[in-house]
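Structure first, then comments.
What follows is calculated from the coordinates using simple rules that are stated; it is not laboratory data. Just so we're clear, the structure is a prediction, and the values are computed from it rather than from any experiment. Methodologically, a virtual Cβ is constructed for each residue, glycine included, from the backbone with ideal geometry; neighbour enumeration extends over all protein chains shown.
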Amino acid sequence: MKYTYIIFALTLLGIFGFKNHGSIYKSNTGNINFFSHTAVEDISADNHKVKTAFDANSGKIQFSALIKDFQFKKALMQEHFNENYMESTKFPKSTFSGTIVNIDAFNIEKNGTYTSPVSGKLTIKDVTKTVEALGTFIVKDGVINAKASFNVNPEDYNISIPKMVSEKISRDLKISVDVDYSHQH
Amino acid sequence: MKKPIVLFALLVVLGVAFYAYKTYNKEHTNVAKTEAEVKLTASDLFNAFDNDETSAMTKYADKVIQVSGYIYSKDLGNELEPQLVLEGNGDNGFIRCGFKPTELEKLAILSDSLSVNIKGECKGLNAADELDLLADKDVVLSNCIIIE
């Protein structure tokens, strides 16, 4: 009888211990693009080294991206972005911490496509605001591709745009996220 | 008498236009052709950022630097920017080096734990202590090349 309890306890420990440990999916090579469209000019920049992870049990999801690592086509634009708008030496990174709201409806072990709102706090230049986006998660052979996009107004994050270039920079920047997550062992 | 003045004015205008054009179309740093401002080991670079990020940013960020270290892993999954990870400090401190897609073949043949010299532009420390799922810390280099 005693042994039955011990085996039962060990089994429980095994299940929950394993599940907790094995529920983290990670990537250090996530993509974030930001895109500004105006009648005068389109501006686009990419970061391919975004650090991100989510917990398939709790739905917690986090991102950290270096501002200086956004690559622009034009070197001058990259310089202005870092020095004038983002002050990237003083504010080197941007983070997001939030939740995949409908994570309980996902079956991450099986191939399939799931959608869920992702909601949380975005920090840029030490200013934190709540943002929400609809995320699409495609599970394929253990890799989970996640895509989402949302819009931000640079002025909400203390990014002031001088009058001279005001026409060239959108107040409705589109941020697109595209990440292949794999299971952390 | 007026001709030389007009000619001079024209030259000035052309000069200004040329300068504006050159500035607007300024090229990105060519890492291969730029001499490294600093040469150091992967662990020295990592520790500099880990100990004092602000002073390390002033010292290394936006500069072309050369780092020597051992390959911890290859992260070639993102074809837009294949990456090499060098050992920095223990299990959670690394140097993450991003390469142009054209370098993929060169990276694919490198074996793990090989000692390499890498030149690239330093972008800072990607670490977020306040985010519990992101425990690893990476000093990030971009537009890297392998020095033979």
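Here are a few things to note about the model shown:
- With the simple spin-label model, which puts each label point 7 Å out from Cα in the Cβ direction, the residue B:36 to residue A:158 separation comes to 3.6 nm.
- Compared with the dominant principal axis of the Cα atoms in chain B, helix B:2-24 is inclined by about 10°.
- Cleavage-rule hits, GluC sites (Glu not before Pro), region B:51-136, DSSP coil, Cβ neighbours within 10 Å at most 14: B:79, B:130
- Span from the region A:164-185 Cα centroid across to the region B:1-49 one, whole angstrom: 28 Å
- Qualifying GluC sites (Glu not before Pro) in region A:84-180, where qualification requires a DSSP coil assignment and no more than 11 other C-beta atoms within 10 Å, comprise A:109.
- Per residue, the convex hull spanned by the alpha carbons of region B:31-147 comes to 100 Å³.
- Cys residues of the protein assembly as shown counted as unpaired, since no other Cys beta-carbon is under 4.7 Å: B:122
- Among the trypsin sites (Lys or Arg not before Pro) found in region B:1-108, not one is both in a DSSP coil and sparsely packed, with 10 or fewer other Cβ atoms within 10 Å of its Cβ.
- A simple spin-label model places pseudo-atoms 7 Å from Cα toward Cβ; at residue B:100 and residue A:165 they are separated by 2.5 nm.
- Taken residue by residue and averaged, Cβ atoms of other chains lying within 10 Å of the Cβ of B:62-69 number 1.
- Greater than 26 Å apart at Cα, pairs in A:74/B:123; A:73/A:121; A:174/B:33; A:73/A:168; A:90/A:147; B:74/B:137: A:73/A:121; A:174/B:33; A:90/A:147
- Distance from the C-alpha centroid of region A:80-140 to that of region B:52-102: 23 Å, rounded to the whole angstrom.
- Between helix A:2-21 and chain A: long-axis angle, C-alpha atoms, 0 to 90°, nearest 10: 10 degrees
- Average other protein chain Cβ within 10 Å of Cβ, residues A:139-145: 0
- Shielding score for A:45-57, defined as the mean number of other chain Cβ atoms within 10 Å: 4
- With Cα atoms, 0 to 90° folded angle of helix B:42-51 axis to chain B main axis: 90 degrees
- Ordered from longest to shortest, the equivalent ellipsoid semi-axes for the protein assembly as shown are 42, 26, 17 Å, each the square root of 5 times a Cα gyration tensor eigenvalue.
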